[in-house]
Every structure is written in structure tokens, then in C-alpha cells.
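Chemist: Could you have a look at this structure, given as C-alpha cells, before my questions?
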Amino acid sequence: MTARSRLLVALASTALIGYVALGSLLGRVLGDTSYGQLAVFNEVVRLVVEAYVEPVNIDRAMAGARLGLGDALDGDSGYLDAEEFRLYQQPVKETDAEIGVVLTRRFSFLMVVSSRPGSPAEKAGLRAGDILKAIDGRHSRPLAASTGQRLLRGAPGSLVKLAVLRAGAEPFEVSVVRERLSASAPRGKMLENGTGYLKLGEFPARVAEDLRAELESLKRSGAKTLVLDLRGAAYGAPEEGVRVAEIFLKGGVVTKLAGTKVPELVLSADATRWAWDGPLAVLVDTGSAGPSEIVAAAMLDSGRASVVGEHTFGRAAIQKTVAMMKPVSAMAAKLPGTRRRYRSQRNAPIAPEAAR
């Protein structure tokens, strides 16, 4: 670290200490411990800068701290620097292809939530819970989930090489061919004893209308009971999950949206949209996430259906991108790369704990 950088850190630390000291005093009066936590963080930064055995790259250290803050929240919150945020904002090209996985972060790596039905990822054997240690040689430890999804996109027919960690197996590598994917439609069939079976592998736009059509076909075939298979279903928007749940509810609460700075929003089913009031069982597994968890939780909470299978993944948030236009401290304002962007979870659907 140069003398100038040390001076800037010292000045910033002095200013921050004063700010934290005043805030800590007010915090004790008002019952807020945030400033005390900042004081601890500031002391750690000071010790790292002054006492570490080798010169410290302060930008790299702070980037690690910001990454850690996101990881401490959930697998989808993350910090994007200026360049990553610029790339994140670029629209996905119509010519882009992908491998068909939904990603999050767990255990400081990128993790597969599920593989989309019929996708190259599913054909390559990738499954829920797999850790992507590296994408084309780029280590996933510092990558936000959105960055990982971007790296998996590319030209149709191109290869992406993945280093994979799987519980109970040796680490392995797999090369997957990117393809342009289309959404898989719901599939229905009749089982024995008048039981209808509906497989819903993902939640693209208008999936509820397609599901309703399959359901009507099963009813005409004599279905008296129904199995709704949501195993591995993680792709799609939360609102599509609400629309699917409406098919099986004669009104009532589907889910709730809650956040620290927004009033609670209750999403209720339109009683005129139901299409099935017979016996119902819902199948889930660890690859069920997002919109499928909204459906399963609504069925379980209302007592409408039995939910059978494994614990679902636990991922039903609505995210908001927050642009950080101002430097967070005097030190950050003076160091390179200070215009940062932060992508965080704000509003999260509340689901019964048993359905997660």
C-alpha cells in the first residue's frame, strides 16, 4: 500500500471513528446496536491494514467484505461492482443460448437450484444441490448468482466447461453445449383408478392457462383425484405461481409479500378462477423452488392438499436492484472503483415453514 493510500485510510478511519462514536452513544440511548457493529468492523479494518504481515490490497479486502454481507443475507442477494452491474443491465440477446439451470449461492459457491426439463443441463446430469465450483475456469466464490447465470449464456452450440462438486461423490468436470430453450408445457395423463397426473416442470408466462387446458382434458377422461407434480420446478416468476394456485383454491390467501420498507401485501385467489375442487396431492423435492413453493405453501396452509416429498429448496423471493450512487465513506470515495451497485432481496413471499 502506498503512503498516499495509508494516509487516506487513516483519514477515513478517523472520520468514521468519530461518526461511529457519536452514533454508538445515540444507539445506546435509542436501543440501536448498528453503530456498535460498525465500530467493530472499523477496528477489524484498522488491524488488517496496520498489522497484517504483508501489504494489503484494500480494494480486494473490501470487496470480500461486501460479498460476505450478501452471503449472510441469502443466496440471491449480492453486490455487483460497476462493470458487473453494467453487464447485468444489458438485455439478454434473442440469439443467446443457455444450458438451462437456475442458480443461487450456498456455502460461498454457486449452487444449482434445478435443471429445466429437457435442457442441456438436465441431459448432462446436473441436479439440485450441485455446486458449480468454476465456470470456464473462473472460480465461482466471488460471483453473484446473476453473474453466474450470465456466464452460462453464450452462442448456440458453444461449450461451457463446469467444475462440479456433489455431495457423496468425487469432484468432476462436465462440458455442456449451450442451446436456445423454449418453455416446457404442462403434461397430463391418466393413471389407474381415475387418478389424473399433471407434471409442471416450470412456470413460464401463461402457464396457468396451459395447465387449465390439461386439467380440463383429464376431467373429460374421467379424473376423480389429481396429483400435481412440482418436483424440479424452479424456473419462472412468482406471480405465475399465484395464478396456478388460484386454479385449486375457491378464494382465500395465496401468499403474502412483506418487506422492511413496504406495507404487507396479501395476494388472494380470485374465487372465479378455480377449476378443480376434487382430492389433490402435490409432489415436491429439493429442486422445487420459487413459484412452485408458493403453490405448495398455499395448498398446505389452506388445507387444500397433501404435500408429499422432500424439503423444498427455500427460494421464493422477489428481488429489487438498488443503485448505490453515493460513496459509502470517505475512504471509498478516494479509492478506485467507487461507483458500486448493489442487488438485494427486498420483498419476500412469506410461506409456511413446513412447506419450505
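The values are calculated or read from the model by the stated rules, or taken from the named source; none is laboratory data. As the structure is a computational prediction, the values presented were derived from the model and not from experiment. Positions of Cβ are generated from backbone atoms using ideal geometry, with glycine treated the same way; all protein chains shown enter the neighbour counts. All accessible areas refer to the heavy atoms of the entire protein, side chains included, with ligands and DNA or RNA removed. Shrake-Rupley method; radii C 1.70, N 1.55, O 1.52, S 1.80 Å.
Chemist: Quick check: anything in segment 110-128 open to solvent by 70 Å² or more (accessible area, probe 1.4 Å), of a type in the set (D, E, K, R) and assigned to a helix (DSSP H, G or I)? Please lay out each step first, then the result.
Modeler: First, pick out the residues of segment 110-128 that are open to solvent by 70 Å² or more (accessible area, probe 1.4 Å): 122-123, 127.
Narrowing the set further to residues that are of a type in the set (D, E, K, R) leaves 122-123, 127.
Right, trim to assigned to a helix (DSSP H, G or I) and you get 122-123.
Yes, some residue in segment 110-128 is open to solvent by 70 Å² or more (accessible area, probe 1.4 Å), of a type in the set (D, E, K, R) and assigned to a helix (DSSP H, G or I).
Chemist: List every residue pair whose Cβ atoms sit under 8 Å apart, with the two residues 6 or more apart in sequence or on different chains, where the first one lies in segment 238-252 and is farther than 10 Å from Arg273 by Cβ and the second, anywhere, is open to solvent by 20 Å² or more (accessible area, probe 1.4 Å) and polar (S, T, N, Q).
Modeler: Close Cβ pairs (under 8 Å, with a partner that is open to solvent by 20 Å² or more (accessible area, probe 1.4 Å) and polar (S, T, N, Q)) amount to Gly252/Ser268; Gly252/Ser302.
Chemist: Further question on the same structure: Kindly check whether there is at least one residue in segment 182-190 that is in contact with a helix residue (DSSP H, G or I) (Cβ under 7 Å, 6 or more places away or on another chain) and under 27 Å from Pro91 (Cβ atoms).
Modeler: Yes: segment 182-190 contains one or more residues that are in contact with a helix residue (DSSP H, G or I) (Cβ under 7 Å, 6 or more places away or on another chain) and under 27 Å from Pro91 (Cβ atoms).
Chemist: I'd like to verify a number: residues in segment 276-292 that are buried (at least 24 other Cβ atoms within 10 Å of the Cβ) and assigned to a strand (DSSP E or B), how many?
Modeler: Here the count works out to 2.
Chemist: If you check Ser140 against the conditions, is it buried (at least 18 other Cβ atoms within 10 Å of the Cβ), among the small types (Gly, Ala, Ser) and over 30 Å from Asp277 (Cβ atoms)?
Modeler: yes
Chemist: Answer with yes or no whether Asp71 is assigned to a loop (DSSP other than H, G, I, E, B) and either of a type in the set (Lys, Arg) or surrounded by 14 or more Cβ atoms within 10 Å (Cβ to Cβ) (or both).
Modeler: no
Chemist: Let me ask something else. Please name all residue pairs, on different chains or six or more residues apart, with Cβ atoms under 9 Å, provided the first residue is in segment 82-93 and is open to solvent by 90 Å² or more (accessible area, probe 1.4 Å) and the second residue is of a type in the set (A, V, I, L, M) and assigned to a helix (DSSP H, G or I).
Modeler: none
Chemist: For segment 184-212, give me each residue that is among the hydrophobic types (A, V, I, L, M, F, W, C), over 19 Å from Glu293 (Cα atoms) and surrounded by 14 or more Cβ atoms within 10 Å (Cβ to Cβ).
Modeler: Matches in segment 184-212: Met190 only.
Chemist: Could you tell me whether Ala258 is modelled with pLDDT of 95 or more, surrounded by fewer than 18 Cβ atoms within 10 Å (Cβ to Cβ) and outside any loop (DSSP other than H, G, I, E, B)? Steps first, answer last, please.
Modeler: Values: modelled with pLDDT of 95 or more: no; surrounded by fewer than 18 Cβ atoms within 10 Å (Cβ to Cβ): yes; outside any loop (DSSP other than H, G, I, E, B): yes.
No; evaluated as a whole, the condition is false for this residue.
Chemist: Is it true that some residue in segment 217-237 is over 18 Å from the mean Cα position of the chain (by Cα), modelled with pLDDT of 95 or more and of a type in the set (Asp, Glu)?
Modeler: Yes; the residues of segment 217-237 include at least one that is over 18 Å from the mean Cα position of the chain (by Cα), modelled with pLDDT of 95 or more and of a type in the set (Asp, Glu).
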